[in-house]
Amino acid sequence: MKLHLLGSGLLTAAACLCLEMPVFATTAPYSELDAEWGVNATVEIAQTPENTYNAWGNECSTLVEQQRFSEAIAACDRAVTLKPDYSLGLTNRCVALLQLDRYQDAVESCRRALTGDGNWGERTEASGWLNFGGSLILFAGEKPSPNEAIPLLQQALLAFDKSLEIEPTNPNTRQLRNELEKLIKELT
């Protein structure tokens, strides 16, 4: 099963879309100041009584940009502990989990993000649906048989449809959705 998904290029496309299009709290390019902020964030966060969950969410984004994924997950976990329905923190957590090949955990984090507070930072809920769909495809790629993978792929197709309802002109999502539909037909 996994070889067939990889051979189709679908897993690669899903990974690229999900891993290169994370929902970051900020979109500024990485700089040395960001790195310094990331190192000193715990001190700054401790001094900020309000919106602490946002500070931890920003810390998670910075750590993902620095490719410090385990630390990013810990920062997102802190944010979500403070605000369990924090969509942006849960989505950033999903992105970090994907980088560590923890696909099942990423699926759950994305699922929680979509039922969260609707705070997507500078992006929209479409990014959450896109990450959810990509996570499902990557998780399906771990399944040993088509019978186990197809339900996950069908859920991913629905997630891409939701993303396209919100942002209908996104060509990457549309292309990934069409490739996924072809793959499901081949497998059934």
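The values are calculated or read from the model by the stated rules, or taken from the named source; none is laboratory data. Remember, it's a predicted structure, so these values are computed and weren't measured experimentally. Using ideal geometry, Cβ is built from the backbone for each residue, glycine included, and neighbour counts are taken over all protein chains shown. Surface areas here come from the heavy atoms of the whole protein model, side chains and all, with no ligands, DNA or RNA. Shrake-Rupley method; radii C 1.70, N 1.55, O 1.52, S 1.80 Å.
How much length is gained on full extension from LEU100 to THR81, taking 0.36 nm per residue of separation minus their Cα-Cα distance?
The LEU100-THR81 span can extend by a further 4.7 nm.
Enter the accessible area per residue of region 108-153 (Å², integer; probe 1.4 Å; all protein chains in place).
Computed with neighbouring chains in place, this is 38 Å² per residue.
Taking the Cα atoms of region 63-155, what is the range of coordinates along each of the three principal axes, in descending order and whole Å?
Here the Cα extents, ordered largest to smallest, are 39, 25, 21 Å.
Carbon and sulfur: what percent of region 40-168's accessible surface (1.4 Å probe)?
Carbon and sulfur atoms account for 47 percent of the accessible area of region 40-168.
If packing is taken as the average number of other Cβ atoms within 10 Å across a peptide's residues, how do 115-128, 82-95, 56-69 rank, most packed first?
Those peptides, ordered most packed to least, come out 82-95, 56-69, 115-128.
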